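S.K.: One structure follows; several queries about it will come next.
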Amino acid sequence: MNKLKILEAKILRGEILKILYNERPRGLKESILKRSLVGDYTNIEIEKELAYLGDRGKTYIYRDSTDETDMIIEISRFGVDLIEGTRAPDPGIAFREEGA
């Protein structure tokens, strides 16, 4: 994977976390989250980064699987801490600078 694709994946992870942070404490239906990002990213790219944020011991997000057709995605306390800067930065997540 080239460096530009890696950076784009890191930025997408940051965008997902920012959206979910702004929707606290309710969370967001997965379909709405995807719609808000499609155009800049594909559904497959979004799904990969959702898996990254929820798996691998990171647990920055979690999914409420009571509705298998359209899960609710919420930011975890670790994700909130990352956004608020009270947790050490994660090298796998990048945030766009405000105004960029």
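S.K.: Give just the number: which of (1) touching a residue at least 24 places away in the same chain (Cβ under 8 Å); (2) more than 11 Å from the chain's Cα centre (by Cα) does residue 74 not satisfy?
M.R.: Status for residue 74: all satisfied but (2).
S.K.: Does residue 46 satisfy the condition of being among the β-branched types (Val, Ile, Thr) and touching a helix residue (DSSP H, G or I) at 6+ places or on another chain (Cβ under 6 Å)?
M.R.: yes
S.K.: Among the residues of the stretch 9-42, write down those that are under 17 Å from residue 79 (Cβ atoms), among the hydrophobic types (A, V, I, L, M, F, W, C) and either at pLDDT 95 or above or assigned to a helix (DSSP H, G or I) (or both).
M.R.: 9, 11, 12, 16, 17, 19, 20, 33, 37 - these are the residues of the stretch 9-42 that are under 17 Å from residue 79 (Cβ atoms), among the hydrophobic types (A, V, I, L, M, F, W, C) and either at pLDDT 95 or above or assigned to a helix (DSSP H, G or I) (or both).
S.K.: Restrict the check to the stretch 93-100 and report whether at least one residue is in a loop (DSSP other than H, G, I, E, B), modelled with pLDDT of 95 or more and at negative phi.
M.R.: yes
S.K.: Touching a residue at least 60 places away in the same chain (Cβ under 8 Å), surrounded by 13 or more Cβ atoms within 10 Å (Cβ to Cβ) and of a type in the set (Val, Ile, Thr): which single residue out of 19, 83 fits that description?
M.R.: None of the others qualify; the one that does is 83.
S.K.: Let me ask something additional. Go through the stretch 67-91 and count every residue that is out of contact with any Gly (no Cβ under 7 Å at 6 or more places or on another chain) and not in a loop (DSSP other than H, G, I, E, B).
M.R.: The number of residues fulfilling the criteria is 9.
S.K.: So residue 35 ticks every box in (1) farther than 23 Å from residue 81 by Cα; (2) touching a residue at least 12 places away in the same chain (Cβ under 8 Å); (3) among the charged types (D, E, K, R) but one. Which box is left unticked?
M.R.: The one condition residue 35 does not meet is (2).
The values are calculated or read from the model by the stated rules, or taken from the named source; none is laboratory data. Being a predicted model, the structure only gives us computed values, none of them experimental. Please note: Cβ atoms are built from the backbone with ideal geometry, for glycine as well, and neighbour counts cover all protein chains shown.
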